[in-house]
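Student: One structure coming up, written as C-alpha cells, with questions to follow.
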Amino acid sequence: MKQSVTVNKTQELKLAGAAKAALSKFKVKSPKFDLKTFLRKVIVPLASILLFIGLWHIGAKALFNIEADYKIQKALTDQGQAAANAMAACIASGDISCQPNTLPSPAQVWESFNTLIADHKVISADKLAFKEKTAALNEKRISEGKDPITYTGRPSFVDQNFTSLNTVFAGFLLAFFIAVPIGIIIGLSDTLRNAFNWLIQVFKPVSPVVWLLLVFMIVKTMTKDSNSDSAFIISFISVGLCAMWATLVNTAMGVSSVDKDYINVAKVLKLGPLQKVFKVILPSSLPLIFTGLRITLSVAWMVLIAIELLAQSPGLGSFVWEEFQNGANDSNSKIIVAMFIIGIIGFLLDRIMLTIQNMVSFNKNATA
Amino acid sequence: MKSITTKIFGLGLLLAVLACGGKTDKKAKETAEANIPESTLEIEKPQLTFGFIKLTDMAPLAIAKEKGFFEDEGLFVSVEAQSNWKNVLDRVIDGQLDGSHMLSGQPIAAGAGFGRQAELVTPFSMDLNGNGITVSNDVWSKMKPNVPKGDDGKPVHPIKADALKPVISDYKNSGKPFKMGMVFPVSTHNYEIRYWLAAAGIHPGMYTADNVQGQIDAEVLLSVTPPPQMPATLEAGTIYGYCVGEPWNQQAVFKGIGVPVTTNYDIWKNNPEKVFVMTKKFVEENPNTAIAVTKALIRAGKWLDEPENRPEAVKILSMPQYVGADEVVLANSMTGTFEFEKGDKRSMPDFNVFYKYNATYPFYSDGIWFLTQMRRWGQIPEAKPAGWYEETIKDIYRPDIWKKAAELLVAEGHIPASDIPVTDVYNPAPSYCIDGTTYNANVPFGYINS
C-alpha cells in the first residue's frame, strides 16, 4: 500500500517535472504547476466534453433506432414483408431517400460543419468572380453617378455569423446609450425612480417578438420614402430595446446605492453636479453597471436569433429557420452546428465583457 | 472562472475563423463569363431583389438566375426565401422586394378589396398545377376502406372527398373538430381544398365581411400554415391534413407522416398556380426592367419544360438557398411522377407545367376564376355586376408586358413565334373539374351559382 503510494508520488513528481520543463521551454508563465490544478482545469473539462459527446452519440443512436423501427414496422403493415426488408436494407445502406429524420449524431454534425466551411469557400470564390465580372460595368456606373452592382448570391454561414455579430453590437450600443444615461438620471432622483418604475416593470418582461412588431410598425412608416432594406434597422433596434432593461435597472440601482460617505466627500469638496457624477457616482456604481451590461449583451445575443428569424434579416436566426424549413437530410445537423456556434459566440462575448469589467472597475475579483 | 476552458474554446473558434477566412480558390470560376452581354433594352434598375417561398414552383426564378437568363438581360438579381405569404405581400408592397413569386390570388385580392389593398400587377404566370392534398397516416387508415380499388388492388384516383366524409363524422361524434391546413386565405390551395370538400357535400365554412377566418358553418376547420411548415405541423398533430404545393406533399411521404390523396391536376386540369408580381409603381417607373424580367422568366419556363433539363433543375432547386429539400424528394414530382401512398408512384407528366399550354401567359380568364372563388366563399361579401370582374382583372393581369417580352424573345430567336398565343386574353381551352362541371370565364355567374 505504502509502496504504491510512493510510486505514484514519484511518478506524479516526474510527470510534473516533465510538464514543467516542457512549459518552461515555451516560456509559459506558470509559477507553480501542480497536477491537481491541471486535472481540475484541463482534464476534467475535457473528460466532461467527451462524456457529453458520448451520451449524445448514444442518445442519437437510440432515437435513430426508434424511428427506423417505426419505419420498418409501417412498411410491414402497409405493404408486407418484402417492403419491410427493402426498407431495412435501405436504412442500413445510408441512402438519403429513407433515412430516419431525428437528432443527428456528433459525427453528422461535424460533417455538416465541414460542409458549411466548404460552402463558404465556394461562395467566396463566387463573390470574387462576380466582382471581376462586374468591374467594368461598375466603373461605368460609378462615373455616371449610379450605385455599383453588388454581389447577388446568398451569404455563407460564416458571413451570416458576422452579420449577426454586427446586429448584436449595433443593438448593444443602442442599449448602452439609452440605458446608461437614463439609468443615471433615474438613479439620482427618488421621485423620478418612482415615476418611471411602472414603465420599466411593464416593459421589461415583454417578449422580443412583440418588440419587433412594435419597432416594425414605427420604422416602416419612418422609412416610407427610402428604398433601402429596413430589415437591419428593425432588427438592431428591436435587439437594443429588448436587451436594455437589465442595464437600465442595474445602473439606476448602482447609482442610487452609492455609499453615503462618498456623496458627503463630494459635498465637502464642493464638486459640481457633473463632476459629482463622473468622479464619484459613476466609478463607484461601475460594478453594477457592468453586471447589467453583461446581462444585456447575453440577452441581446439570445433574442437576436428570434428577431432575425421574424424580420427576415440575414443572420444566424434566418439560417436556422431556413434549414428548419428545408427539411433536407442534413438540415437537422446544420441546425445543431448553428446551435453550438451561437452558444460559443455567446460565451466568448460574455468573457470579453468580463475582461473589460475587470479592467475598468476597482473590484479586481469580479467573477462569473 | 477564467479557466483554461475559455482559452481552449477561444483558440478553437479562432482556428475555425482562420480556416474559413483564408485563401479562396481563384481558379475555380475564372472561366465564368467575363463579359456581360449588352441588353437591347435600357434597364432602369439593374440590381433587383426578388422574394420567393420554398416551393418547387419558384423554379423559374432559380433557373433564370442560375442559368444566367437574368444576366443576359443585364439584370443582377438576388433571390431571397421569405417566411410566409403574408410577409411576401407586405415586403413587395413596402418596396423591400422589387418583385416576388406569389399566389395568383394575392395581387387579385389586393386589388379587389380583400385583405391589404395595393396596386400590384402580374406580367407572368409561373406555372400550372403542382399542388396536392395530403392527410395524416391515421386519417388515411380510416379513409382507405372507403376508397374504391382498381383491379391491381390500388386505390382508384382521383380520390374524392366522399371517402373522407365518414372520418369527419367520426371526429365530430367524438367531439373533435376536423382541422386541415392551407397556405393563405386567397391561395389556390384554399379554393382547391374547399372545392374538393364541397364536391362531396362537406362544408368548408364561409367568409363574411366581419369574419375573415372563413370558418362559419364549417365542418372542416381550415387554417393558415406557411408551406414549408406543413409537414412539421401535421407531424405535431395540430392539423390532420393539408393542401400545399410541392415538395411538401412528397416530403410527407418520405418522412412517413402522411399520404397524399389527390393532386390539383385531378381537381382542375392545368389550373393556373403561382404568378410573378411587381407593384404598379415599379412597372411604371421601370417599364424596360419589367419587360426584361419577364423575358428572362419566359426563357426559364421554356428551359424547365424540356424534360431533359428536369434533373438539372432538381439539382438546382435542392440547393439550400432555394427549396432546399433533398433531391430525391424534389425529383419525385418534378420528373413526371407523383408518389401517393409509399410505393404507389404514378406517372403524372403534367404535374408541373412551366411553359407548355401557354402556362406563362397571364390570361384574364385565370384571374377571373380567382375572383369568382373569392365571391363564392364570401371573401368578396357583396354581389358585383358582370363587368366588374373584367375591369378589376384588367388592372392586375398585364398580358401586354408579357407580349412585348415574348416578341423581343422571338426577334432574338429564343422562342418560336408560334409560342405567342393568338387570343382575346381569355383561355379558350375547356376546363375540367373533379365534379364534372366546367367553367367559362365569359359567364362567371353561371359558375358561381352552380
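Read-outs throughout are calculated quantities, based only on the coordinates presented, and are distinct from any laboratory measurement. The structure presented is a predicted model; accordingly, all values stated were derived computationally and were not measured. Ideal geometry is used to build each Cβ from the backbone, glycine not excepted, and the neighbour counts take in all protein chains shown.
Student: Are there DSSP H segments in chain A that both extend 27 Å or more along their axis (alpha-carbon positions) and score a mean Kyte-Doolittle hydropathy of at least 1.0? List them, or say none.
Tutor: Working: long enough: A:2-25 (34 Å, -0.34); A:44-79 (51 Å, 0.61); A:106-143 (53 Å, -0.31); A:157-188 (46 Å, 1.67); A:231-256 (38 Å, 1.68); A:282-311 (40 Å, 1.69); A:331-360 (44 Å, 1.45).
What comes out of the filter, once short or polar helices are dropped, is A:157-188, A:231-256, A:282-311, A:331-360.
Student: If the cut-off is 19 Å between C-alpha atoms, which aspartates and glutamates fall inside it for residue B:172, apart from same-chain ones fewer than 8 positions away?
Tutor: Within reach: B:138, B:162, B:217, B:219.
Student: Sorted by average packing, counted as other Cβ atoms within 10 angstrom per residue and highest first, what order do B:255-263, A:138-146, B:65-73 take?
Tutor: Values: B:255-263: 23.3, A:138-146: 11.0, B:65-73: 21.7.
Averaged packing, sorted descending, gives the order B:255-263, B:65-73, A:138-146.
Student: Strictly greater than 52 Å: what percent of every Cα pair in the protein assembly as shown meets that? Before the final figure, lay out the partial values.
Tutor: Working: 84578 of 334153 pairs.
Percent of Cα pairs beyond 52 Å in the protein assembly as shown: 25.
Student: Enumerate cysteines in chain A without a disulfide-compatible partner, where compatibility requires another Cys Cβ under 4.7 angstrom.
Tutor: When partners are defined as cysteine Cβ atoms under 4.7 Å apart, chain A leaves A:242 without one.
Student: I want to verify the translational diffusion coefficient of chain B in µm²/s; compute it with Stokes-Einstein, Rh as the Kirkwood radius over Cα pairs, at 4 °C and 1.567 mPa s.
Tutor: Details: Rh = 23.1 Å.
After rounding, the answer is 56 µm²/s.
Student: Rounded, prolate or oblate for segment B:103-187? Axes are the square roots of the Cα gyration tensor eigenvalues, ordered a ≥ b ≥ c, and the cut-off for rounded is a/c under 1.5. Before the final figure, lay out each step's value.
Tutor: Numbers: a/c = 4.22, a/b = 1.81, b/c = 2.33.
Cα axes put segment B:103-187 in the oblate bin.
Student: Sticking with this structure for a sec: Using only the C-alpha atoms of segment B:155-230, find the volume of their convex hull and express it per residue in Å³.
Tutor: 113 Å³
Student: Right, something else. Only Lys, Arg, Asp and Glu count, each charged at its Cβ (+1, +1, -1, -1), so figure out the dipole size of the protein assembly as shown about its Cα centre, rounded to 20 debye. Could the numbers behind the result be given before it?
Tutor: Working: 79 positive and 77 negative charges, 990 e Å.
About 4760 debye.
Student: Sequence-distant or interchain residues sharing an amide H contact under 5 Å with residue A:223, placed H: which?
Tutor: Answer set, sorted by chain and number: none.
Student: Okay, next question. Quick one: P(r) of segment A:33-102 from all Cα-Cα pairs, 5 Å bins, percents rounded to integers, in order of increasing distance.
Tutor: Binned Cα distances yield the sequence 3, 16, 16, 15, 10, 7, 7, 6, 6, 5, 4, 2, 1, 0.
Student: Please quote Rg/Rh for segment A:154-360 to two decimal places, taking the Kirkwood radius as Rh and restricting both calculations to Cα atoms. Don't skip to the answer; put the middle values down first.
Tutor: On the way: Rg = 19.8 Å, Rh = 18.6 Å.
Rounded to two decimals, Rg over Rh is 1.06.
Student: Hey, which aspartates and glutamates would be in cross-link range of residue A:146, C-alpha to C-alpha under 19 Å, not counting anything within fewer than 8 residues on its own chain?
Tutor: Within the straight-line limit of under 19 Å, residue A:146 reaches these aspartates and glutamates: A:132, A:225, A:229, B:38, B:42, B:44, B:71, B:73, B:98, B:285.
Student: While we're on this one: Once you've got the Cα coordinates, tell me which of B:86/B:281; A:74/B:86; A:121/B:67; B:45/B:67; B:86/B:269 are over 30 Å apart.
Tutor: Numbers: B:86/B:281 20 Å; A:74/B:86 37 Å; A:121/B:67 21 Å; B:45/B:67 20 Å; B:86/B:269 27 Å.
Distance filter (> 30 Å) returns A:74/B:86.
Student: Turning to a different aspect of this structure: Roughly how many Å is it from the Cα centre of segment A:188-220 to that of segment B:275-329, as a whole number?
Tutor: Between the Cα centre of segment A:188-220 and that of segment B:275-329, the gap is 44 Å.
Student: Go through B:357-365, B:169-177 and give me the packing order, highest mean Cβ count within 10 Å leading. The partial results should precede the final answer.
Tutor: Details: B:357-365: 22.6, B:169-177: 11.2.
In decreasing order of mean packing, B:357-365, B:169-177 become B:357-365, B:169-177.
Student: Here is a further query. Please name which of A:185, B:203, A:150 has its Cα lying farthest along the dipole of the protein assembly as shown towards the positive end, using unit charges on Cβ (Lys, Arg +1; Asp, Glu -1) and the Cα centre as origin.
Tutor: Positive-end residue among those listed: A:185.
Student: Evaluate segment B:322-429: find the radius of gyration of its Cα atoms, find its Kirkwood radius, and give the ratio Rg to Rh. Intermediate results must be reported in sequence, preceding the final value.
Tutor: Numbers: Rg = 18.6 Å, Rh = 17.1 Å.
Rg/Rh: 1.08.
Student: Still on this model: Eight or more residues apart or on different chains, and alpha-carbon atoms under 14 Å: count the Lys pairs in segment A:220-289 matching that.
Tutor: On the way: A:260/A:276; A:267/A:276; A:267/A:279; A:270/A:279.
Value for segment A:220-289: 4.
Student: What does the charge add up to near residue B:270, with Lys and Arg as +1, Asp and Glu as -1, over the other residues with Cβ less than 11 Å from its Cβ? All intermediate terms of the calculation are to be shown ahead of the outcome.
Tutor: Values: positive: B:269, B:356; negative: B:127, B:273, B:350, B:366.
With Lys, Arg at +1 and Asp, Glu at -1, the neighbours total -2.
Student: Another question, if that's okay. Can you pull a Stokes-Einstein diffusion coefficient for segment A:104-153 at 20 °C (1.002 mPa s), Rh from Kirkwood over Cα pairs, as a whole number of µm²/s? Mind dumping the intermediate values first?
Tutor: Details: Rh = 13.1 Å.
Diffusion coefficient, whole number: 164 µm²/s.
Student: Normalised by the number of residues in chain A, what is the relative contact order in percent for Cα pairs under 8 Å and 6+ residues apart?
Tutor: On the way: 340 pairs, mean separation 61.7, N = 368.
It comes to 17 percent, rounded to a whole number.
Student: While we're looking at this one, here's another question. Rg (Å, one decimal) plus Dmax (Å, integer) for the alpha carbons of segment B:131-267?
Tutor: 14.0, 50
Student: Right, next: I'd like the antiparallel share, as a percent to the nearest 5, of DSSP beta bridges with both residues in chain B.
Tutor: On the way: 27 of 43 bridges.
In chain B, DSSP labels about 65 percent of beta bridges as antiparallel.
Student: Any of B:255/B:315; A:140/B:404; A:127/B:302; B:160/B:384; B:274/B:295 with alpha carbons more than 22 Å apart? Name them for me. Intermediate results must be reported in sequence, preceding the final value.
Tutor: Values: B:255/B:315 20 Å; A:140/B:404 28 Å; A:127/B:302 28 Å; B:160/B:384 32 Å; B:274/B:295 17 Å.
Check vs 22 Å cut-off fails for A:140/B:404; A:127/B:302; B:160/B:384.
Student: Find the centroid of the Cα atoms in segment B:67-114 and in segment A:79-110, then give the distance between the two in whole Å.
Tutor: 38 Å
Student: Taking a ≥ b ≥ c as the square roots of the Cα gyration tensor eigenvalues, with a/c under 1.5 meaning rounded and otherwise prolate when a/b beats b/c, else oblate, which class fits segment A:211-308? All intermediate terms of the calculation are to be shown ahead of the outcome.
Tutor: On the way: a/c = 4.39, a/b = 2.37, b/c = 1.85.
Since a/c reaches 1.5 and a/b is larger than b/c, the shape of segment A:211-308 is classed as prolate.
Student: If you look at just the Cα atoms of chain A, how large are its Rg and its Dmax in Å?
Tutor: Both quantities, over Cα of chain A: 28.4, 94 Å.
Student: Also, quick follow-up: Please list, ordered by chain and number, the residues whose modelled amide H lies under 5 Å from the amide H of residue B:79; skip anything fewer than 5 residues away on the same chain.
Tutor: B:50
Student: Cβ neighbours within 10 Å, averaged per peptide: list B:103-113, B:334-344, A:210-220, B:141-151 in order, most packed at the top. It would help to have the intermediate numbers written out before the result.
Tutor: On the way: B:103-113: 25.1, B:334-344: 18.5, A:210-220: 16.5, B:141-151: 13.5.
Final packing ranking: B:103-113, B:334-344, A:210-220, B:141-151.
Student: Still on this structure, please answer the following. Averaged across B:72-83, how many Cβ atoms of other chains sit within 10 Å of each residue's Cβ atom?
Tutor: Values: counts 0, 0, 2, 2, 8, 1, 5, 3, 7, 7, 1, 8.
Other-chain Cβ atoms within 10 Å of each residue's Cβ, averaged: 4.
Student: Follow-up. Please give the direction-averaged projected area of the C-alpha convex hull for segment B:293-379, in square nanometres with one decimal. Write down the numbers at each step before the final one.
Tutor: Details: hull surface 32.5 nm².
For segment B:293-379, the mean projected area of the Cα convex hull comes to 8.1 nm².
Student: In deg cm²/dmol, rounded to 500, what helix-only [θ] at 222 nm does chain A give when every DSSP H run of at least 4 residues adds -39500 (n - 2.57) and the total is split over its residues? Walk me through the numbers before you get to the answer.
Tutor: Values: 13 runs with 282 residues, N = 368.
That comes out to -26500 deg cm²/dmol.
Student: Taking each residue of B:249-262 in turn, how many C-beta atoms of other protein chains fall within 10 Å of its C-beta, and what is the average? Provide the component values of the computation, followed by the final result.
Tutor: Numbers: counts 0, 0, 4, 0, 0, 7, 6, 10, 1, 0, 1, 0, 0, 0.
The shielding value for this peptide is 2.
Student: If you take each beta carbon of peptide A:122-135 and count the beta carbons of other chains within 10 angstrom, what is the mean? Walk me through the intermediate numbers first.
Tutor: Working: counts 4, 2, 8, 9, 5, 2, 6, 10, 3, 0, 5, 8, 4, 1.
Mean shielding by partner chains, rounded to a whole number: 5.
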